[in-house]
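Take a look at the structure below.
The values are calculated or read from the model by the stated rules, or taken from the named source; none is laboratory data. Treat the numbers as computed from the prediction; the structure is a model and nothing was measured. Cβ atoms come from the backbone with ideal geometry, glycine included; neighbour counts cover every protein chain shown.
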Amino acid sequence: MPMQIEPIPRWVAVLTVLMLICALYLDGAITSRMPADGTTFGDFHHLLRALGYLPTWLFVGLLLILSGKSGHYRARSSAALAIVATATLSGLSAEILKVIVRRPDPGIGPLGSWTPVMLEGGWWNPEWWNGADLCFPSGHAAVAWGAAIAISRRWLGTAPVMLLLAAGCAAGRVETRGHYVSDVIASLLVALIVSFLVEKRIRRFPEKAPRGAQESDLHPDTAA
């Protein structure tokens, strides 16, 4: 039997949209209360930020594939693919939206501003595609949310820890004034949509046991 993938409850998507709407009105007020630019943060802050760094999840996926018995390879590969694909596509989607929306970072212009950052030459200017000074949505937060959701949907018991860690990564981006609250909540919405599409695609390729392997080899927890 294939690994069970938990559905995303509708209330999660609805709650995320409501939080995004609220955050849009609170962006400036919240950011103004964050530590000043140049503040030094500790190791735990940097640990959480690493969850939004895509290579982190590439290594996690590789470790997942290489761990355990050879008979579990297909199940582990499917899980690794979901984690890496969801994190990658969530981050990529966020970066694409960032250069389309063109919302300036908190350090540029008035707090909470939505005035697009325009460049001479528009789309033809190579710098147009550089999202370094743009913030909506957050690429780091999208990667962290995407990986956390993919893991949580396969191992439901990990959901509280994984989502809390991803929230910590998102909060860190706001704390350093790199993003607004609405940026990181929008990243969560992006990750939810990407996870839905990725899992829908992966389900078309059911896990099959290698030749000569027992079903219990793929899922030892179902063995008698």
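Determine, yes or no, whether Ile149 is over 13 Å from Gly52 (Cβ atoms), assigned to a helix (DSSP H, G or I) and within 11 Å of the chain's Cα centre (by Cα).
Considered against the rule, which asks whether it is over 13 Å from Gly52 (Cβ atoms), assigned to a helix (DSSP H, G or I) and within 11 Å of the chain's Cα centre (by Cα), Ile149 comes out as yes.
Please verify whether Ile100 is out of contact with any Gly (no Cβ under 9 Å at 6 or more places or on another chain) and of a type in the set (Val, Ile, Thr), treating the condition exactly as stated.
yes
Would you check if Thr176 is within 28 Å of Tyr53 (Cβ to Cβ), of a type in the set (Ser, Thr, Tyr) and modelled with pLDDT under 95?
yes
Among all residue pairs at least 6 apart or on different chains, which show Cβ distances below 8 Å where the first residue, located in the range 144-171, is farther than 21 Å from Arg201 by Cα and the second is surrounded by fewer than 24 Cβ atoms within 10 Å (Cβ to Cβ) and of a type in the set (Ser, Thr, Tyr)?
From the range 144-171, the pairs are Thr158/Ser152; Ala159/Ser152; Met162/Ser152; Leu163/Ser152.
For the range 85-126, which residues satisfy the criterion of being within 30 Å of Lys200 (Cα to Cα) and touching a residue at least 60 places away in the same chain (Cβ under 8 Å)?
Within the range 85-126, Ala85, Thr86, Ala87, Leu89, Ser90, Ser93, Ala94, Leu97 meet the criteria.
Among the residues of the range 128-135, is there at least one that is out of contact with any helix residue (DSSP H, G or I) (no Cβ under 8 Å at 6 or more places or on another chain), part of a loop (DSSP other than H, G, I, E, B) and acidic (Asp, Glu)?
yes
For the subset of the range 186-204 comprising residues that are over 12 Å from Ala85 (Cα atoms) and of a type in the set (A, V, I, L, M, F, W, C), which member is surrounded by the fewest Cβ atoms within 10 Å (Cβ to Cβ)?
Checked the range 186-204; the qualifying residue surrounded by the fewest Cβ atoms within 10 Å (Cβ to Cβ) is Ile193.
In the range 138-157, how many residues are touching a helix residue (DSSP H, G or I) at 6+ places or on another chain (Cβ under 6 Å) and surrounded by fewer than 24 Cβ atoms within 10 Å (Cβ to Cβ)?
2
Show the residue pairs that are 6+ apart or on different chains and have beta-carbon atoms under 7 Å apart, the first residue being within the range 26-39 and farther than 11 Å from Glu175 by Cβ, the second being among the hydroxyl-bearing types (Ser, Thr, Tyr).
As it stands, the answer is Asp27/Tyr180; Asp27/Ser182, since those pairs meet every condition given.
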